[in-house]
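Computed from the coordinates by the stated procedures, all read-outs in this text should not be read as laboratory data. Since the structure is predicted, the reported quantities are computational estimates derived from the model, not experimental observations. Heads up, the Cβs are rebuilt from the backbone with ideal geometry, glycines too, and the neighbour counts pull from every protein chain shown.
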Amino acid sequence: MISFWWIRHAPVKGNNECCYGNDEVDCDLSDVASFNRLVAKLPKGSSVFSSHLSRTIKTFEATVNAGYIYNSHSIDRRLTEQDLGSYSGMKYRDLYALTKKLGVYDNNWLMKPHFKAPEGESFKDLYIRVESFINEKLIEKNDENIVIFSHGGPIRAAISLAMGTGLETILPLEIDNSKLTKIDYINNNWKVIKVNC
């Protein structure tokens, strides 16, 4: 059995109601209790992975400061949030107005999952790279527990892969900041054990 322990980064601050995707934005680390809860739930001595964005790395470091003991930490760019291309930095209200005009508005996400923002990527593109990361870890089978500090989009993608759902089906699922989602791979089958715990 291989367990994937996904954690979404701490809440973003200072984005001024602008969408940010895979841009660098700061995060709020003031909720120390949330990191204590993660320490109590996460398996000790595991390999840890994070995206290259500072908000995931800071969330990981805050968890370590709260007492989390791990084996190694690696950065993997496949775990980053969706690249919004030229739409990044737009006010949410302006982005929604634009995607409605283009006919690609999605009530649960920034845009329809197969729509690629100019100079960016689609949610489908994000799904493919997250799937690549997961499949690589399944082939390596070096760890029973893989801990991942990532983002709402990649965690939705991982759940979609495990459940075999279409991307439109998974987008309404809310992924909370500083919360844990656990997905197990047992005897060639997926099990979503917990979400947002």
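Ordering Leu138, Leu126, Asn71 by Cα displacement along the dipole of the chain toward the positive end leaves Leu138 in first place; charges were set at the Cβ atoms of Lys, Arg (+1) and Asp, Glu (-1). Reducing the range 177-194 and the range 97-114 to their Cα centroids gives an inter-centroid distance of 29 Å. If the segment from Trp190 to Lys101 were pulled out straight at 0.36 nm per residue, it would be longer than the present Cα-Cα gap by 28.2 nm. Taking GluC sites (Glu not before Pro) across the range 91-194, the ones in a DSSP loop with at most 15 further Cβ atoms lying within 10 angstrom of their Cβ are Glu119, Glu144, Glu174. Note on Lys112: lysines with a C-alpha under 23 Å away, same-chain residues under 8 apart excluded, are Lys91, Lys100, Lys101, Lys124. Over all directions, how big on average is the projection of the convex hull of the alpha-carbon atoms in the chain, in square nanometres? Across all orientations, the chain yields a mean hull projection of 10.3 nm². Report, in degrees rounded to the nearest 10, the 0 to 90 angle that the Cα long axis of helix 152-163 makes with the longest principal axis of the chain. Compared with the principal axis, the helix lies near 70 degrees. Close amide-amide hydrogen proximity is noted between Phe49 and Ser74, Val147, Ile148, Phe149, each under 5 Å apart and 5 or more residues distant or on a separate chain (H modeled in the peptide plane; Pro and chain starts excluded).
Of all DSSP bridge pairs formed entirely within the chain, close to 50 percent run antiparallel. Helical content of the chain, expressed as a calculated mean residue ellipticity at 222 nm, amounts to -10500 deg cm²/dmol (DSSP H runs of 4 or more residues, -39,500 (n - 2.57) each, divided by residue number, nearest 500).
At a Förster radius of 25 Å, what calculated FRET efficiency corresponds to the Cβ-Cβ distance of Lys44 and Ile128, to the nearest 0.05? In this case the efficiency is close to 0.20. In this Cβ point-charge picture (+1 for Lys and Arg, -1 for Asp and Glu), the chain has a dipole of about 380 debye about its Cα centre. Applied to the range 100-110, the Karplus parametrisation 6.51 cos²θ - 1.76 cosθ + 1.60 on θ = phi - 60° returns per-residue 3J(HN,Hα) values of 5, 4, 7, x, 10, 5, 10, 5, 10, 8, 6 Hz, with x for Gly and Pro.
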